[in-house]
Amino acid sequence: LVIVGGYGYIAGSSDIGTSQVLVVSKFDLNGQLVPSFGSGGIATVNFGANTRSFAEAVGVDGAGNIFLAGATRTSPATSYSLAAAKLDATGALVPSFGTGGLVTIALSGYSASFFALAPDSAGGIYVGATRYASSASSIVVYQLGASGLPVNGFGVAGSTVISFTGNYDELHALV
């Protein structure tokens, strides 16, 4: 849940046909969906046929663009890839972000999900993920530019791995 500029935004997932899609709704501060956003106040983001996708985080930048972050996988795959989407203020995908408004990042040997995001002032986002292997987990933070590509100069090739003290580290917030 994010409240920005007199509107609230919530994100999650919904089953549509053979896919599970990301969803985001926009509502006013009286709790009414904003009908001009998406379809009746709800926008859906589909990463493709037979995918299982979900949003764990939502954020809004200063221009009113909405970012979603979570994970996606295509059946019969069992590992999730990182997933992010950028929508404009009307709920339409921003085609200049990633491929048609969508970004996926596969981490070889890991299943992973973005769990938190923070928009930056240049039209991109910082996104934090937990990546899971068979015997441990760790945190990865990415900076994705306005194009959806990792930003060189942030960590190594646009990401940095952070491990706390244990074998199972998880990300829960990013501000």
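Okay, here's what the table says:
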item	result
Over the chain, relative contact order from alpha-carbon pairs under 8 Å, at least 6 apart, %	14
Surface per residue (accessible, 1.4 Å probe) for the stretch 1-103, Å²	44
Cα→Cβ-extended label distance, 7 Å offset, between A122 and I162, nm	2.0
Selection from A133, G91, H172, by position along the positive dipole direction of the chain (Cβ)	A133
Cα-centred dipole magnitude for the chain, charges only on beta-carbon of K, R (+1) and D, E (-1), debye, nearest 20	260
Theoretical gain in end-to-end length, S108 to S75 [0.36 nm per residue, Cα-Cα removed]	10.2 nm
Antiparallel DSSP beta bridges within the chain, as percent of all bridges there, nearest 5	95
Packing-based ranking, highest mean first, of 125-132, 50-57, 98-105 given that Cβ atoms within 10 Å are counted	125-132, 50-57, 98-105
Carbon + sulfur, % of accessible area of the chain - ligands and nucleic acids excluded, 1.4 Å	55
Residue with peak Gaussian network fluctuation, the chain [Cα springs, cutoff 10 Å], from A146, A112, A122	A122
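The values are calculated or read from the model by the stated rules, or taken from the named source; none is laboratory data. Please read all numbers here as calculations on a predicted model, not as lab measurements. For neighbour counting, all protein chains shown are included, and Cβ atoms are generated from backbone atoms with ideal geometry for every residue, glycine included. These area figures cover heavy atoms from the full protein model, side chains too; ligands, DNA and RNA do not enter into them. Shrake-Rupley method; radii C 1.70, N 1.55, O 1.52, S 1.80 Å.
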